[in-house]
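Working notes, structure below.
Please treat every number below as a calculation from the coordinates, not as lab data. All of these numbers come straight from a predicted model, not from anything done at the bench. Note: ideal-geometry Cβ built from the backbone for every residue, glycine included; neighbour counts use all protein chains shown.
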Amino acid sequence: MTLSLSGQRMLVIGGSSGIGEAVARQAASAGAVVTIASRQLDHLNAALKRLPDGVNSQVLDVEDDACVSAFFNQHDAWNHVVLAGSATKVGSVRELALEDARAAMQNKFWGAYHVARSAHISEHGSLTFVSGVFSQRPVVNAVLQGAINSALESLARGLALEFSPMHVRVNAVSPSTTATPLWDRLGPKGRQDKFDTMAARLPVGSVAEPDDIAQAILFAATNRFMTGSTLLIDGGDALV
């Protein structure tokens, strides 16, 4: 079945790169009226050059509750809201600075909470979070990320009940390592070594591309019978 989002308004927070950009591209190609949002204007402007004509952009800092509330009060209700981007530092519980740990929670969990608290979503619309496989398979030096992802998935389940009177569905999509610009910080060789190591370990034999995860996000956003679910799109990462 060909996905059609003709005329539906979709907000993709974190849509200036990686998974969020892939969601925006696929949604726009399916006929949605797409707005991407991010904290950094230059990233948004660069993304607009890569995305289909008609995609709009807005600066939005989800860590700032007042900013999030003001943003949604300035816009009509959305059919679909996707929260795809996050930035967190990793490290062991005993070594990661508390400042960085709290910033990670503020960015990924509280950012999602702020959006859920303020977002105006149309009846039969959807809210979709992106969590991560560490909620299923904790790893050393990323214990906090696993805890945040678990909290985000639990938030989605609770919101699915809270938002049910409004007929708004809430879901989470949980990916494993995905070939996004996030890994550019390792340098070309380090990035490729990371992907090669992961591909050798995963049952599917490769790491995900952003489009792989975007397909799952749009499925969760548009399936009228899905709410309170977490889609694990991890290439078998949780199994090994």
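One table, with the values for the structure above:
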quantity: Angle in degrees between helix 41-50 and the longest Cα principal axis of the chain, rounded to the nearest 10; calculated: 80 degrees
quantity: Under the Karplus curve 6.51 cos²θ - 1.76 cosθ + 1.60, θ = phi - 60°, whole-Hz ³J(HN,Hα) for segment 69-84, x wherever Gly or Pro sits; calculated: 4, 5, 4, 5, 5, 8, 10, 5, 4, 9, 6, 9, 10, 10, 10, 10
quantity: Neighbour-limited loop hits for trypsin sites (Lys or Arg not before Pro), segment 130-237 (at most 14 other Cβ within 10 Å; DSSP other than H, G, I, E, B); calculated: ARG224
quantity: Additional length obtainable on full extension of the chain from ASP193 to ASP65, 0.36 nm per residue less Cα span; calculated: 42.2 nm
quantity: Zero-based 10 Å bins, Cα pair distances in segment 60-133, whole percents; calculated: 19, 45, 25, 10, 2
quantity: Loop-located trypsin sites (Lys or Arg not before Pro) in segment 59-154 whose Cβ has at most 16 other Cβ within 10 Å (DSSP); calculated: LYS89, ARG94
quantity: Translational diffusion coefficient (Stokes-Einstein; Kirkwood radius from C-alpha pairs) of the chain at 37 °C, 0.692 mPa s, in µm²/s; calculated: 182 µm²/s
quantity: Degrees, to the nearest 10: 210-222 long Cα axis against longest axis of the chain; calculated: 40 degrees
quantity: For segment 80-223: rounded, prolate or oblate by the Cα gyration tensor [a/c cutoff 1.5]; calculated: oblate
quantity: Qualifying GluC sites (Glu not before Pro) in segment 88-155, DSSP loop, other Cβ atoms within 10 Å at most 13; calculated: GLU95
quantity: Extension gain, ARG201 back to HIS124 (0.36 nm per residue minus Cα-Cα distance, nm); calculated: 23.8 nm
quantity: Whole-angstrom gap from segment 119-163 to segment 1-69, using each part's C-alpha centre; calculated: 20 Å
quantity: Fully extended contour minus Cα-Cα distance, from ASN45 to VAL93, at 0.36 nm per residue; calculated: 13.6 nm
quantity: On Cα atoms only, tilt of 143-162 relative to the major axis of the chain in degrees; calculated: 20 degrees
quantity: Volume of the Cα convex hull of segment 1-49, divided per residue and given in Å³; calculated: 65 Å³
quantity: Most mobile of GLY54, GLY132, GLY20 in a GNM of the chain (Cα contacts under 10 Å); calculated: GLY54
